1. For region 78-104, name all the residues that are closer than 18 Å to V160 by Cβ, assigned to a helix (DSSP H, G or I) and out of contact with any Gly (no Cβ under 6 Å at 6 or more places or on another chain).
2. Scan region 125-162 for residues that are of a type in the set (V, I, T), in contact with a helix residue (DSSP H, G or I) (Cβ under 6 Å, 6 or more places away or on another chain) and within 19 Å of T77 (Cβ to Cβ) and jot them down.
3. Take region 92-125 and flag every residue that is more than 18 Å from T137 (Cα to Cα) and exposed (fewer than 13 other Cβ atoms within 10 Å of the Cβ).
4. Output the qualifying pairs, or none if there are none: Cβ atoms under 6 angstrom, residues six or more apart or on different chains, first residue in region 105-122 and outside any helix (DSSP H, G or I), second residue surrounded by 13 or more Cβ atoms within 10 Å (Cβ to Cβ).
5. Return the only residue of A58, A92, A64 being within 20 Å of A159 (Cα to Cα), at pLDDT 85 or above and of a type in the set (G, A, S).
6. If N97 satisfies all but one of (1) modelled with pLDDT under 85; (2) farther than 30 Å from R54 by Cβ; (3) out of contact with any Ser or Thr (no Cβ under 7 Å at 6 or more places or on another chain), what's the number of the condition it fails?
7. If I filter region 168-178 for residues that are over 17 Å from V94 (Cα atoms), at pLDDT 85 or above, among the basic types (K, R) and surrounded by 11 or more Cβ atoms within 10 Å (Cβ to Cβ), do I get at least one hit?
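The values are calculated or read from the model by the stated rules, or taken from the named source; none is laboratory data. Keep in mind that this is a model prediction, so the values were computed, not measured. Note that each Cβ is placed from the backbone with ideal geometry, even for glycine, and that neighbours are counted across all protein chains shown.
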Amino acid sequence: MAYAEHVPESSSKLVALPHREAKGVGRSGSPEAGRPRGVADRTIGAWALSQRRRAQIARLARYAATSGVAFGVSETTLLILYGNDLVNATVAAVIANLAGTVPSYFMSRYWIWKDSARTRVGRQVVLYWTTSVVCMTLTSLATGAIASLAPAGHRFHLAVVAVGFPAVTLVFWLAKFVLYQRVIFPRTPQTVGSCD
């Protein structure tokens, strides 16, 4: 027993070591469990933010593709109607926007924001078409103004209108995306954290 009373100080330190947790490893043996909670939370938060950004970029890409289809329909309609002197520029722009809005709505509803709430479809339709009509009105008026200010000469005049119409349309493009994303097609709580 006398031997136990004279255990060297260094030996007593070695006995205490197994009771300490290794740095970076928690009781569960997982490296994550041993990290300071703030670091783990920041890591998870950064990962979630990265996933949301990827989903947002994918959604914006689909919105751009949808807009490309709608624009192609609208621009073709505009050039056919106005280029053949069937109607004036303002009326042509109205009809062109209406023609492009139809495929745009269905692609937005069932492709871009397919995970949005399905319980308020009537509200979505009303808001979507209201937004479209407002933008269509402003785009048509602006296109008419551009046509009235464009120099004379059929080819050059038509070229100015053909460039002015998409330029005006582009102004409303991002504004409409924000409205669609936040107001018209909000995601359900179950899908907010999911990735597209």
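1. Taking region 78-104 first, the residues closer than 18 Å to V160 by Cβ are 78-85, 87-93, 96.
Okay, now just the ones that are also assigned to a helix (DSSP H, G or I), so 78-83, 89-93, 96.
L78, L79, I80, L81, Y82, G83, V91, A92, A93, A96, listed by residue number.
2. Within region 125-162, the subset of a type in the set (V, I, T) is 125-126, 130-131, 133-134, 137, 139, 143, 146, 160-161.
Going one step further and asking which of them are in contact with a helix residue (DSSP H, G or I) (Cβ under 6 Å, 6 or more places away or on another chain), we end up with 131, 139, 143, 146, 161.
Within region 125-162, T139, T143, I146, V161 meet the criteria.
3. F106, Y110, R118, T119, V121, G122, R123
4. Cβ pairs passing all conditions: W113/F185; D115/R187; D115/T191; S116/F185; S116/R187.
5. Values: A58 fails: within 20 Å of A159 (Cα to Cα); A64 fails: within 20 Å of A159 (Cα to Cα).
The unique qualifying residue is A92.
6. (3)
7. yes
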